[in-house]
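S.K.: Encoded as structure tokens, here's the structure I'll be asking about.
The values are calculated or read from the model by the stated rules, or taken from the named source; none is laboratory data. What you are looking at is a predicted structure, and each value in this text was computed from that prediction instead of being measured. Methodologically, a virtual Cβ is constructed for each residue, glycine included, from the backbone with ideal geometry; neighbour enumeration extends over all protein chains shown.
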């Protein structure tokens, strides 16, 4: 289990690497939601998402333990984050991506200095290959969420929220594999246990929602959602027990609700947020989270949107 001390130590380790992202507010948003809403702008974080927090902590820990090579299996935000921090710390990295990986995301990984290797179409193909490359080169494989150092690093966002939003009542967090949520819970429930923490998933990628209802890790079938960063098939072995013990509530949002939220963020707040990053706010804007007098903090988890998607989303 990751402790509050682990999260605080992670913050000390990565504080000179990450941005302390701002809290954004909108009077129009408050009127729309009929409550005070505070947006934690992780879409403005280095590499465009919260993922740099966990990646930086895990890579620094690996190097302290003697690693001289880093690998990851991801074509998205995690891959970009690992590539960036490895480059900053001067350690070679290989990011194993699917053969149909988005070219823009692959270009970003390469721009951060990592080698890209294509392998298969699923995580079942990529992860063994990434682990193999690590083993061959006296290296360490950095998973996207199911790792203590990654969880502790992601939890640092909660330390900032508790400093930035006085007397916050509810923190709303998007859930994929659960690394961000597990880190937030480890911090919040040990510092201010009365603060409610709510997880949000797309309706079509509801593995954590189902797992919590079943009381055990429950896998779903391969699915699709506009919020591709939240498209996991089951929660992590390390993350799920934390969510099961501490999470106050779990809700689902529709594709239409995510798109409406993206449109609001672009048109009214001038913020470019990816669909996964907008899911938590979608739950608030649709009235599924928070009471009238609550102060609600919402994590906008990332902004690495495919520019070709924007016109389609605005037309929906």
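S.K.: May I ask you to list the residues in the range 170-196 that are surrounded by fewer than 24 Cβ atoms within 10 Å (Cβ to Cβ) and touching a strand residue (DSSP E or B) at 6+ places or on another chain (Cβ under 7 Å)?
M.R.: 170, 195, 196 - these are the residues of the range 170-196 that are surrounded by fewer than 24 Cβ atoms within 10 Å (Cβ to Cβ) and touching a strand residue (DSSP E or B) at 6+ places or on another chain (Cβ under 7 Å).
S.K.: Taking the criterion of being farther than 20 Å from residue 2 by Cβ, free of Cβ contacts under 8 Å to residues at least 24 places away in the same chain and part of a loop (DSSP other than H, G, I, E, B), would at least one residue in the range 100-107 satisfy it?
M.R.: yes
S.K.: Take the residues of the range 61-90 that are touching a residue at least 60 places away in the same chain (Cβ under 8 Å) and part of a helix (DSSP H, G or I): which is surrounded by the fewest Cβ atoms within 10 Å (Cβ to Cβ)?
M.R.: My answer is 88.
S.K.: Just to confirm my filter: which helices (runs of 4 or more DSSP H) fall fully inside the range 204-316 and include at least 2 residues that are in the same structural domain as residue 45 (by TED's automatic domain parsing) and surrounded by 21 or more Cβ atoms within 10 Å (Cβ to Cβ)?
M.R.: Output list reads 207-214, 239-246, 255-268, 275-285.
S.K.: Kindly check whether there is at least one residue in the range 50-63 that is out of contact with any helix residue (DSSP H, G or I) (no Cβ under 9 Å at 6 or more places or on another chain) and within 30 Å of residue 119 (Cα to Cα).
M.R.: Checked against the condition, which is being out of contact with any helix residue (DSSP H, G or I) (no Cβ under 9 Å at 6 or more places or on another chain) and within 30 Å of residue 119 (Cα to Cα), the range 50-63 yields no hits at all.
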